[in-house]
Amino acid sequence: LIPSFALERTQDVLFHLARLEDEGRIPVMPVYVDSPLADRVEDVYQQCMDELSDDVRAIRAQGRDPFAPKLLQYTTSVDDSKRINQSREAAIVIAGSGMMTGGRILHHLRAHLADSHTTVMIVGFQPTGGLGRLLVDGAPTVRIFGQEIAVKARIATINGLSAHADRTELLDWAAGAGAQAEFRTIHGEPDSLAALRDQLIARGNRAEVQQSAVRLPEHGRKDEGGE
C-alpha cells in the first residue's frame, strides 16, 4: 500500500516502479492506482510529455509509457476500489490521500493493516498528530473509521521523493534576497519553522513564524485539497 499525492508523487512512484520492473529488481505484479484524480492527472502528463525530463522523453521516444508498469490499472469507481481488497493476489496499491487524512487509502489500510504480509510504503511527509505519523512512529494500533485496527503490517518510509527544499536549500535561496529581506515561515512542523526562523535571524534577516489564520480540525487532520 502506497499512500500518495495524486499530482506528481504518484507519477514519480509509477516511473520508479516501471524502471525497477525493467531491471528485474522487483517482480511484475498488478499495480493499481486507486485515485480518480490521479487518473485525470495522468491524462495531463501524457499531453505534456515534451515538457518533462530527459529520462522521461527518452523512454517515450522508444514508444513506451514512462509511467506504466506492465500490469498497471487505474480504478475510478467505488466498486472497482472494493474489488482490490477482495483479491488475494499480491499487488501494489497506490491511493490518496498522501497524508492519510481521507480518501480511498483509508479503506485499504483498514482492510490490510492487521496483515503481516502487507507493507505500507510511505513516500510523503506525515504531519504530527495524523494517522501517517502514528504509523511512522510505530503505533501498535490506530483508529480508522471509528474502528481500532492492530498494526501488524510492515511500515517502510522513503524520504528521497520529497518535493520540498530542505533547510539548507531554503537558506541558500533566502541569501539571494539580501540582508534587508524579511521572512515569514508559515508551512511545516512548529519546531522546524522556529529553527528556520532562528537561522535567518542569526544571518541578519528579520524573520518570524506566522501563525495560520485557518483553523485546522483536531488530530492533525485537514482536507485532501489542502495537501
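The values are calculated or read from the model by the stated rules, or taken from the named source; none is laboratory data. Predicted model only: the values in this text are computed from it and were never measured. Note: ideal-geometry Cβ built from the backbone for every residue, glycine included; neighbour counts use all protein chains shown. We work out accessible area using only protein heavy atoms, side chains counted, and drop any ligands, DNA or RNA first. Shrake-Rupley method; radii C 1.70, N 1.55, O 1.52, S 1.80 Å.
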P(r) for the chain: what percent of alpha-carbon pairs falls in each 5 Å bin, starting at zero? 1, 6, 12, 15, 16, 15, 12, 10, 7, 4, 1, 0, 0
Between ASP50 and THR119, what's the calculated FRET efficiency when r is the beta-carbon distance and R0 is 30 Å? Round to 0.05. 0.25
Compute the semi-axes of the equivalent ellipsoid of the stretch 79-140, taking the square root of 5 times each eigenvalue of the Cα gyration tensor, and list them largest first in whole Å. 21, 13, 10
Averaging sequence separations of C-alpha pairs under 8 Å and six or more residues apart, then dividing by the length of the chain, give the relative contact order as a whole percent. 21 percent
Carbon plus sulfur, as percent of the 1.4 Å-probe accessible area of the chain, comes to 51 percent
Largest-first semi-axes in Å of the equivalent ellipsoid built from the Cα gyration tensor of the stretch 79-206 are 39, 14, 12
Over the alpha carbons of the stretch 117-180, what is the largest minus smallest coordinate on each principal axis, giving the biggest first in Å? 53, 23, 16
Please find, in a Gaussian network model of the chain (springs between Cα atoms separated by less than 10 Å), the residue of PRO36, PRO190, PRO66 whose mean-square fluctuation is greatest. PRO190
Treating only the Cβ atoms of Lys and Arg (+1) and Asp and Glu (-1) as charged, compute the dipole magnitude of the chain about its Cα centre; round to the nearest 20 debye. 580 debye
If amide H atoms are modeled at 1.01 Å from N in the peptide plane, then the residues at a separation of 5 or more from LEU72, or on another chain, having amide H under 5 Å from its own are VAL31
Can you list residues from other chains, or at least 5 along the same chain, whose modelled amide H is less than 5 Å from the amide H of LEU52? none
Please report the spacing between the Cα centers of the stretch 1-39 and the stretch 78-142 in Å, no decimals. 15 Å
Placed amide H near PHE183: partners under 5 Å, 5+ positions off or other chain: ARG206, ALA207, GLU208
Given a 1.4 Å probe, the accessible area of the stretch 1-115 per residue, as a whole number of Å², is 50 Å²
Simple SL model, points at 7 angstrom along Cα→Cβ for THR141 and ALA61; separation in nm is 5.7 nm
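Tell me the volume per residue, in Å³, of the convex hull enclosing the alpha carbons of the stretch 158-201.
Working: hull volume 3.6 nm³, N = 44.
Convex hull volume per residue, Cα atoms: 81 Å³.
Would you mind giving the average projected area, over all directions, of the Cα convex hull of the stretch 1-120 in nm² with one decimal?
Numbers: hull surface 30.0 nm².
Average projection, Cα convex hull of the stretch 1-120: 7.5 nm².
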Kindly provide the pair-distance distribution of the stretch 1-57 built from C-alpha pairs, with 10 Å bins from 0 and whole-percent values in order of increasing distance. 21, 51, 29, 0
